[in-house]
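Below you'll find the structure, written out as structure tokens, and then a few comments.
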Amino acid sequence: MSTLLGSLRRLMLTPSLTDVTFGVRGFPAIPSEATRRLEAIPQAVICGFEWGIDARDQWEVERRLSMVEQELRGFAYEGATMAFTVLDAMAGGRGHRTRDLLLGPGQPHIFLTYIGIGFAMARLPRPLWKKVMPDLTGSAYYPTMSWLAVDGYGFDRAYFDTRRWVDEQRVPSPYAWEGSPGYFLRAVDQGIGRALWFIHGGHVPGIAARVGGFASHRQADLWSGVGLAATFAGGSTAEGLAALREAAGEHRPELAQGVVFAAKARSFSGFVPEHTEVATGALADLSIDGAVALADATAVAAGGSGALPAYELWRRAVRTHFAASGDRIPG
């Protein structure tokens, strides 16, 4: 049951489902059954946000989320986390909705809920960012995977302000997330790469041209984001995936690294859709079990080496596996 205040927040803060469709956003994606399926993903996020921003308690939100089909449920949790993060920030950092959700029913979707925190960051002033990540001690992959919040921030900016962040290739000011302001920019690019998959509706020539238009030092992280989105969200055919692998060229190890993380996230959630299995094989030559085993074998404990956080050391270890296997074309 909603409250009067919750209903007012919902009306003021929640975009409509049409606001995130590719046509309204002006994306070049060609309408098809695949793109309509991709559009359902941001729409599921909005549903989760609307339920979270309006609900009286967590139980009600959890109950609503449980009714979302399994393939999209994690995205709805993403939206609910975004809402709870905003509410906690409005409470001056004293709220605990986000922590309760992520340590409770949101645990299987922890990878996506981190991204939901990043969506909230895109709508909050930077001084509040230091309070958005709750203490999740005891939660799997905390704080290593909290960099997905920065990824989410980059995705949000590219999706909702495509002209500035994709066309004009804006670079944000560094922010000392987990004490690594330099790496902040790279994590943002990983999110922009994920957004490119949606902006172009999985159309490989358009995606490859966009990535190739960015500065060379940004392209590796962009390809990683593309690989993650292609595998986790779907929206392509076997032929399209083969073309994507070819288009990545020298950045195939980065593309495959995104694939491995997507397969790990899907497996951790307890539901792996067919398109994730297909993409994992087509882009990384791995089964789901093989991708999960690789992710687990290369995982790095919290900490870091110099300017590199544990998250990047983990990503680098996965990339090294593919580079060593010879899946790299000389540039």
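The values are calculated or read from the model by the stated rules, or taken from the named source; none is laboratory data. The shown structure was predicted, so the numbers you read here are calculated from the model rather than taken from an experiment. Cβ placement follows ideal geometry from the backbone for every residue including glycine, while neighbour counts extend to all protein chains displayed.
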Could you go through region 262-277 and let me know if any residue there is among the hydroxyl-bearing types (Ser, Thr, Tyr), in contact with a helix residue (DSSP H, G or I) (Cβ under 8 Å, 6 or more places away or on another chain), at negative phi and buried (at least 19 other Cβ atoms within 10 Å of the Cβ).
yes
Test: residue in region 53-71 that is β-branched (Val, Ile, Thr), modelled with pLDDT of 95 or more and surrounded by fewer than 22 Cβ atoms within 10 Å (Cβ to Cβ)
yes
What are the residues in region 176-211 that are among the hydrophobic types (A, V, I, L, M, F, W, C) and either at pLDDT below 95 or part of a loop (DSSP other than H, G, I, E, B) (or both), if any?
ALA176
All helices (runs of 4 or more DSSP H) inside region 244-321 with 3 or more residues being under 29 Å from GLY182 (Cα atoms):
252-269, 288-298
Report yes if GLU60 is more than 19 Å from the chain's Cα centre (by Cα) and of a type outside the set (Gly, Ala, Ser), otherwise no.
yes
Conditions (1) of a type outside the set (Ser, Thr, Tyr); (2) farther than 17 Å from HIS251 by Cβ; (3) assigned to a loop (DSSP other than H, G, I, E, B): number failed by PHE214
(2)
Considering only residues that are under 14 Å from GLY52 (Cα atoms) and either basic (Lys, Arg) or modelled with pLDDT of 90 or more (or both), look in region 1-35 and name the one that is farthest from the chain's Cα centre (by Cα).
ARG9
Condition (residue is at pLDDT below 95 and more than 17 Å from TYR183 (Cβ to Cβ)) applied to region 105-120: is it met by at least one residue?
no
If the Cβ limit is 6 Å and pairs must be 6+ apart or interchain, which residue in region 230-258 that is more than 15 Å from GLU277 (Cα to Cα) pairs with which residue that is among the aromatic types (Phe, Trp, Tyr)?
ALA248/TRP223; HIS251/TRP223; PRO253/PHE322; GLU254/TRP223; LEU255/TRP223
Expected output for region 92-118 (first residue in contact (Cβ under 8 Å) with a residue 60 or more places away in the chain, partner in a loop (DSSP other than H, G, I, E, B) and buried (at least 24 other Cβ atoms within 10 Å of the Cβ), Cβ below 9 Å, 6+ apart or cross-chain) is LEU112/GLY106; GLY116/GLY106
Any chance LEU101 is at pLDDT below 95 and assigned to a helix (DSSP H, G or I):
no
So, in region 129-145, how many residues would count as being at pLDDT below 95 and closer than 19 Å to SER173 by Cα?
2
Before we move on, is LEU241 among the aliphatic types (A, V, I, L, M), more than 19 Å from the chain's Cα centre (by Cα), at pLDDT 95 or above and under 17 Å from LEU38 (Cβ atoms)?
yes
From the option list ARG164, ARG210, single residue qualifying as touching a Lys or Arg at 6+ places or on another chain (Cβ under 6 Å) and farther than 29 Å from ASP296 by Cα is ARG164
